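Shown next, in structure tokens, is the structure this report addresses.
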Amino acid sequence: MFKKFITGVLTAMVTFSTVFCPVNAEAEDNINAKSAELDKLAYSGDDLGAAYTPQKTTFKVWSPTASEVKLNLYKTGSDDEDGAEKIADSAMNYDKTNGVWSITVEGDIKNTYYTYSVTNDGVTNEVVDIYAKAAGVNGNRGMVVDLSHTNPENWSQDKRVLPEKQTEAIVWEVHVRDFSNQKESGISREHSGKYLAFTEDGTALEGCDTTPTGLAYLKKLGVTHVQINPFYDFGSIDETKPNGEEYNWGYDPKNYNVPEGSYSTNPYDGNVRINEVKQMVQALHNAGIGVIMDVVYNHTYTLDDSYFNLTVPNYYYRFNEDGSPANNSGCGNDTASERAMYSKFMVDSVYYWASEYHIDGFRFDLMGLHDVDTMKKIREKLNTIDKRIIMYGEAWDLGYVEGVDLAVQKNISKIDGVAAFNDGIRDAIKGDNFEAVGKGYVQGKGGTVGIEDGVMAATKQWAETPADTVTYVSCHDNMTFYDKLTASVLGTKDPSLYRKRNEQLVQMNKLGAACVLTSQGMSFMLAGEEMARSKDGDHNSYVSSPTLNQIDWQCLEKYGDLTAYYKGLIDLRKSYAPFTDDTKTTIDNMTVFKNTDTKVLGFMMTNKLTADTQWDKVICIFNANTDKNVEVQLEGENLPENWVVVVNNVSAGVEKLKEIEGTKVTVPSTSAMVLVDKESFEKANIKADTDFQQTLIENTAHEAATQLSTVGEKRLAKRGKDHKALKIAGIVAGTAAGVAAVAAGAVVLKKKKGKKRK
């Protein structure tokens, strides 16, 4: 969802909800009074929904406003399938002490589909159980499921991937379909756009078997977690038309506890989607990667005909003084987490996904619309599984709810173990998130204050510790980072520029990555940010074509040096504990340079955590000047005379690029530099596998050389008069490996002449 709301920004998002009917019969006070009375009947049991055993199944639904509720049983999930038939409908029994209707059906009715017919105010509606765990096609009927039969082989041995500290997570945000939609991805067309695409290991870019894609790529890149855009059952895609041109991000909740069917190989069988999500999670876990689920409890797909509203009218939603639906979400149907039974539903739902699907973390869409108490309850419930399960969300201040303490940034420190996105550093790095041509620090505009605040994880603003923040520069909302750089530096008039490589923009992208991955707080990036992902400037691609939204894996050749740079920064972050400190220890011992150019930020960290096994002093310097190199005087107490450079304008990682003597360094324009004191560098002797980086560089060099060839510049390249395309091959500039990489680019060009690539 969008991160800030200004006039006109949400126009394109109105289609997230198809019903916007005001409640004319009741004013807000009357609705709130009735809801307060219903809260007194709140049910505390953990058995709502269909509780299956081979001997019997018990159905329970909370609806204290209903005059009658019936259970309907069906053979299929829709009337359009072979063998469709209604099996039975039976009146359910009401318990006036807790508002629960129930019925028990004897015998084994596994895989039977069901709904409830709920009568409120003389009107009967057929609804899906809001606690349903399985469903038929398009989620229009729930299904009785034996969850033990949905488990993949060895599921009981599946292990979560949980960091000791939430700040150790490095998150890569991806949409299920985007991950594998591209034909050239090397992922089978059978699994294209499906959960099972994540289970394919060893895939490579079509035409270049040395460039890994999919799961193999993620393992090489080194991210710790993937955040997957909504994969609960959402209402905006017709599941009977899988992999068509219909596309949606999925922020349209329909059945919260059921996986989305369009990502499964068979949306008609309620078991299949469950099994395939588990296979996806298991495969990522086996690769050492955790799964964070993007959850959207702040609104539903529709209001009047949502299953919540048809079950207990008006109870689950917020309303304005005139009785119209609250719209702080921008979707016309804000849910009311302060209501006892919706709060319970959120807790139960998150716990269910964590326990049944082994989910490692949750990202809460528009978390600032939820009350603090409910978020605390969710955290406490997850702690019964494992305190390391990750929780974070969008804590934007979107509105006011009388008497309710909302989970906005200023309140985030009240919820232990829950973090919030830091839009401050996001906007400081790249410029206004909602203005395409607005420039930020990396484009050479503005000073360093916003970057410094971000480096310190907003602890000078709203965060208590780095554990409260998520540091990032781009996500699924708004322009991709590279598109934003293109629009702000080159303008928006020529759409073709978004897909073209521009060396200045690549350097800005690298500098932005360095700002994020050396800052305190959890690190987060949009999938493909590390390979200059573009959506042709589309800032709100939630219903744009699958082709526009897909990850272009071919960018690994065009921008392999950028990907290698991200890989090096990830290795760097993992190798030095102060980067991932979840306390203020590192911040309190940080020296921020005071005597620098107005566009240069420098800071030194002293290791108070792991100095016996890792580096001691590390200095990070960012130079956002686009037109000049800057000599920087190092600052801080007890400065050593000898330093090792591990990050510069070309390369990043944990290996020595060069040594520097003294306390002055020259930092090239639009670049970062990271230095380690030589003594601790040699003592720690930290190593990392650079083979993947080397491969990316070589493939990029070949791609660049090929580009020269196609425009008739091959002769110039061979004569050395235009070495620009090959200079990007210097992954470890100034070292033998760097020279070899440059040479490799030239050798690749020579060897590939006239031959088809494999």
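The values are calculated or read from the model by the stated rules, or taken from the named source; none is laboratory data. Fair warning: this is a prediction, and the values are worked out from it, not measured in the lab. No Cβ is skipped: glycine too gets one built from the backbone with ideal geometry, and neighbour counts run over all protein chains shown.
Give me a count of the residues in segment 333-352 that are touching a strand residue (DSSP E or B) at 6+ places or on another chain (Cβ under 8 Å) and either under 21 Å from Ser44 (Cβ atoms) or surrounded by fewer than 22 Cβ atoms within 10 Å (Cβ to Cβ) (or both). Explain how you work it out, then say what you get.
Filtering segment 333-352 for residues touching a strand residue (DSSP E or B) at 6+ places or on another chain (Cβ under 8 Å) gives 333-338, 341-343, 345, 349-350, 352.
Restricting the remaining residues to those that are either under 21 Å from Ser44 (Cβ atoms) or surrounded by fewer than 22 Cβ atoms within 10 Å (Cβ to Cβ) (or both) gives 335-338, 341-343, 345, 349-350, 352.
Total satisfying the criteria: 11.
Which members of segment 372-392 meet the condition of being under 15 Å from Ser337 (Cα atoms) and buried (at least 21 other Cβ atoms within 10 Å of the Cβ)?
Pass one, segment 372-392, residues under 15 Å from Ser337 (Cα atoms): 372-379.
Of everything in segment 372-392, those that are under 15 Å from Ser337 (Cα atoms) and buried (at least 21 other Cβ atoms within 10 Å of the Cβ) turn out to be Thr374, Met375, Ile378.
Yes/no matrix, rows are residues, columns are (1) closer than 27 Å to Thr695 by Cβ; (2) out of contact with any Cys (no Cβ under 8 Å at 6 or more places or on another chain); (3) without any contact (Cβ under 8 Å) to a residue 60 or more places away in the chain:
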position	(1), (2), (3)
Ser545	no, yes, no
Asp552	yes, yes, no
Ala577	no, yes, yes
Thr583	no, yes, no
Asp588	no, yes, yes
Thr591	no, yes, yes
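Out of curiosity, is Asn266 assigned to a loop (DSSP other than H, G, I, E, B), surrounded by fewer than 23 Cβ atoms within 10 Å (Cβ to Cβ) and in the same structural domain as Ala420 (by TED's automatic domain parsing)? First the steps, then the outcome.
Numbers: assigned to a loop (DSSP other than H, G, I, E, B): yes; surrounded by fewer than 23 Cβ atoms within 10 Å (Cβ to Cβ): yes; in the same structural domain as Ala420 (by TED's automatic domain parsing): yes.
The answer is yes for Asn266.
State which residue pairs qualify: first residue crowded, with 18+ Cβ neighbours inside 10 Å and inside segment 66-93, second residue in a strand (DSSP E or B) and of a type in the set (Phe, Trp, Tyr) in any location, beta carbons under 6 Å apart, and separation of 6 or more residues or different chains.
Listed pairs, sorted by first residue: Val69/Trp101; Val69/Tyr116; Leu71/Phe59; Leu73/Tyr114; Tyr74/Tyr113; Gly77/Tyr113; Met92/Trp101.
If a residue must be in a loop (DSSP other than H, G, I, E, B) and touching a Ser or Thr at 6+ places or on another chain (Cβ under 8 Å), how many such residues does segment 534-549 contain?
Within segment 534-549, the subset in a loop (DSSP other than H, G, I, E, B) is 534-540, 544-545.
Now drop any that are not touching a Ser or Thr at 6+ places or on another chain (Cβ under 8 Å), which leaves 534-535, 537-538.
Total satisfying the criteria: 4.
In segment 674-691, what residues are surrounded by fewer than 23 Cβ atoms within 10 Å (Cβ to Cβ) and within 28 Å of the chain's Cα centre (by Cα)?
Hits for segment 674-691 are Ala688, Asp689, Thr690, Asp691.
How many of the residues in segment 458-476 are in contact with a His (Cβ under 9 Å, 6 or more places away or on another chain) and surrounded by 24 or more Cβ atoms within 10 Å (Cβ to Cβ)?
In the first step, residues of segment 458-476 are kept if they are in contact with a His (Cβ under 9 Å, 6 or more places away or on another chain); the result is 476.
If we keep only those that are surrounded by 24 or more Cβ atoms within 10 Å (Cβ to Cβ) too, we end up with none.
So the answer is 0.
Identify the single condition in (1) farther than 12 Å from Met673 by Cα; (2) without any contact (Cβ under 8 Å) to a residue 60 or more places away in the chain; (3) crowded, with 19+ Cβ neighbours inside 10 Å that Lys628 does not satisfy, given that it satisfies every other one.
(3)
Condition test on Ala436, is it in the same structural domain as Asn509 (by TED's automatic domain parsing), among the small types (Gly, Ala, Ser) and buried (at least 24 other Cβ atoms within 10 Å of the Cβ)? Even if it seems obvious, please write down each step before you answer.
Numbers: in the same structural domain as Asn509 (by TED's automatic domain parsing): yes; among the small types (Gly, Ala, Ser): yes; buried (at least 24 other Cβ atoms within 10 Å of the Cβ): no.
In short, no.
When you look at Asp252, is it under 20 Å from the mean Cα position of the chain (by Cα), over 28 Å from Gly560 (Cα atoms) and modelled with pLDDT of 95 or more, yes or no? First the steps, then the outcome.
Numbers: under 20 Å from the mean Cα position of the chain (by Cα): yes; over 28 Å from Gly560 (Cα atoms): yes; modelled with pLDDT of 95 or more: yes.
So Asp252 fits the description; yes.
If I filter segment 429-446 down to residues being part of a loop (DSSP other than H, G, I, E, B) and touching a helix residue (DSSP H, G or I) at 6+ places or on another chain (Cβ under 8 Å), which single residue comes out as farthest from Ala169 (Cα to Cα)?
To start, the set of residues in segment 429-446 that are part of a loop (DSSP other than H, G, I, E, B) comprises 431-440, 444-446.
Imposing the further condition that a residue be touching a helix residue (DSSP H, G or I) at 6+ places or on another chain (Cβ under 8 Å) reduces the set to 431, 433, 436-440, 446.
Values: Gly431: 25, Asn433: 24, Ala436: 29, Val437: 31, Gly438: 30, Lys439: 29, Gly440: 26, Gly446: 30 Å.
By that ranking, first place goes to Val437.
Lys617 - would you say it is surrounded by 17 or more Cβ atoms within 10 Å (Cβ to Cβ) and of a type in the set (Lys, Arg)? Give the steps one after another, and end with the answer.
Working: surrounded by 17 or more Cβ atoms within 10 Å (Cβ to Cβ): yes; of a type in the set (Lys, Arg): yes.
So Lys617 fits the description; yes.
Return yes when Gly202 is surrounded by fewer than 16 Cβ atoms within 10 Å (Cβ to Cβ), assigned by TED's automatic domain parsing to the domain that holds Ala467 and either among the small types (Gly, Ala, Ser) or under 28 Å from Gln55 (Cβ atoms) (or both) and no when it is not. Break it down stepwise before answering.
Values: surrounded by fewer than 16 Cβ atoms within 10 Å (Cβ to Cβ): yes; assigned by TED's automatic domain parsing to the domain that holds Ala467: yes; either among the small types (Gly, Ala, Ser) or under 28 Å from Gln55 (Cβ atoms) (or both): yes.
When the stated conditions are applied, Gly202 passes them.
Can you find a residue in segment 492-508 that is among the hydroxyl-bearing types (Ser, Thr, Tyr), part of a loop (DSSP other than H, G, I, E, B) and touching a helix residue (DSSP H, G or I) at 6+ places or on another chain (Cβ under 6 Å)?
As a first pass, look at segment 492-508 and keep what is among the hydroxyl-bearing types (Ser, Thr, Tyr): 492, 496, 498.
Now narrow it down to the ones that are part of a loop (DSSP other than H, G, I, E, B): 492.
Subset that is touching a helix residue (DSSP H, G or I) at 6+ places or on another chain (Cβ under 6 Å): none.
No.
Can you name the condition, by its number, that Glu37 falls short on among (1) assigned to a loop (DSSP other than H, G, I, E, B); (2) of a type in the set (Asp, Glu); (3) out of contact with any strand residue (DSSP E or B) (no Cβ under 9 Å at 6 or more places or on another chain)?
Here Glu37 clears every test but (1).
I'd like the full set of residues that are closer than 12 Å to Arg177 by Cβ and either of a type in the set (Gly, Ala, Ser) or in contact with a His (Cβ under 7 Å, 6 or more places away or on another chain) (or both), limited to segment 215-246. So that I can check it myself, show each step before the final result.
Narrowing segment 215-246 to residues closer than 12 Å to Arg177 by Cβ: 228-231, 237, 242-246.
Within segment 215-246, Asn229, Gly244 qualify.
Which of the residues belonging to segment 118-136 are surrounded by fewer than 22 Cβ atoms within 10 Å (Cβ to Cβ) and either free of Cβ contacts under 8 Å to residues at least 12 places away in the same chain or over 11 Å from Tyr307 (Cα atoms) (or both)?
Across segment 118-136, the qualifying residues are Thr119, Asn120, Asp121, Gly122, Val123, Thr124.
Among the residues of segment 302-357, which ones are part of a helix (DSSP H, G or I) and aromatic (Phe, Trp, Tyr)? So that I can check it myself, show each step before the final result.
To start, the set of residues in segment 302-357 that are part of a helix (DSSP H, G or I) comprises 307-311, 340-357.
Hits for segment 302-357 are Tyr307, Phe308, Tyr342, Phe345, Tyr351, Tyr352, Trp353, Tyr357.
Within segment 208-255, how many residues turn out to be of a type outside the set (Gly, Ala, Ser) and at positive phi? Step through it out loud before you land on a result.
Of the residues in segment 208-255, the ones of a type outside the set (Gly, Ala, Ser) are 208-213, 215, 217-221, 223-234, 237-243, 245-249, 251-255.
Now restrict to residues that are at positive phi: 243.
Qualifying residue count, segment 208-255: 1.
Search segment 353-371 for residues being surrounded by 17 or more Cβ atoms within 10 Å (Cβ to Cβ) and over 15 Å from the mean Cα position of the chain (by Cα), and hand back the single one that is nearest to Glu321 (Cα to Cα). First the steps, then the outcome.
The first filter runs over segment 353-371 and keeps only residues surrounded by 17 or more Cβ atoms within 10 Å (Cβ to Cβ), leaving 353-354, 357-371.
Adding the requirement that they be over 15 Å from the mean Cα position of the chain (by Cα) leaves 353-354, 357-358, 368-371.
Numbers: Trp353: 35, Ala354: 37, Tyr357: 41, His358: 42, Gly368: 21, Leu369: 18, His370: 19, Asp371: 20 Å.
In this case the residue turns out to be Leu369.
Looking at (1) over 40 Å from the mean Cα position of the chain (by Cα); (2) on the phi > 0 side of the Ramachandran plot; (3) not acidic (Asp, Glu), find the lone condition where Asn111 falls short.
Failed condition: (1).
Look through segment 168-199, keep the residues that are charged (D, E, K, R) and under 30 Å from Leu609 (Cβ atoms), and return whichever of them is surrounded by the fewest Cβ atoms within 10 Å (Cβ to Cβ).
As a first pass, look at segment 168-199 and keep what is charged (D, E, K, R): 168, 173, 177-178, 183-184, 189-190, 194.
From what's left, under 30 Å from Leu609 (Cβ atoms): 168, 173.
Details: Glu168: 21, Glu173: 24.
Among residues in segment 168-199 that are charged (D, E, K, R) and under 30 Å from Leu609 (Cβ atoms), the one surrounded by the fewest Cβ atoms within 10 Å (Cβ to Cβ) is Glu168.
Suppose we keep only residues that are in a loop (DSSP other than H, G, I, E, B) and basic (Lys, Arg) within segment 570-596. Which one would you say is nearest to the chain's Cα centre (by Cα)? Working first, answer last.
From segment 570-596, those in a loop (DSSP other than H, G, I, E, B) are 576, 581-584, 589-590, 593-596; that's our starting set.
Filter once more, keeping what is basic (Lys, Arg): 584, 594.
Details: Lys584: 26, Lys594: 35 Å.
Checked segment 570-596; the qualifying residue nearest to the chain's Cα centre (by Cα) is Lys584.
Residue under question is Val470, and the condition is that it be closer than 17 Å to Gly512 by Cβ, outside any loop (DSSP other than H, G, I, E, B) and within 18 Å of the chain's Cα centre (by Cα); does it hold? First the steps, then the outcome.
Working: closer than 17 Å to Gly512 by Cβ: yes; outside any loop (DSSP other than H, G, I, E, B): yes; within 18 Å of the chain's Cα centre (by Cα): yes.
Yes; evaluated as a whole, the condition is true for this residue.
Here is a list: Val291, Val312. Which entry is among the β-branched types (Val, Ile, Thr) and not assigned by TED's automatic domain parsing to the domain that holds Gly214?
On the way: Val291 fails: not assigned by TED's automatic domain parsing to the domain that holds Gly214.
One residue alone meets the criteria, Val312.
When residues of segment 109-161 are filtered for being under 16 Å from Ile87 (Cα atoms) and among the acidic types (Asp, Glu), how many remain?
Residues flagged as under 16 Å from Ile87 (Cα atoms) and among the acidic types (Asp, Glu) within segment 109-161 amount to 1.
Matching residues to (1) over 25 Å from Glu703 (Cβ atoms); (2) surrounded by fewer than 24 Cβ atoms within 10 Å (Cβ to Cβ):
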site: Gly521; (1), (2): yes, no
site: Glu530; (1), (2): no, no
site: Gln554; (1), (2): no, yes
site: Gly560; (1), (2): no, no
site: Thr563; (1), (2): no, no
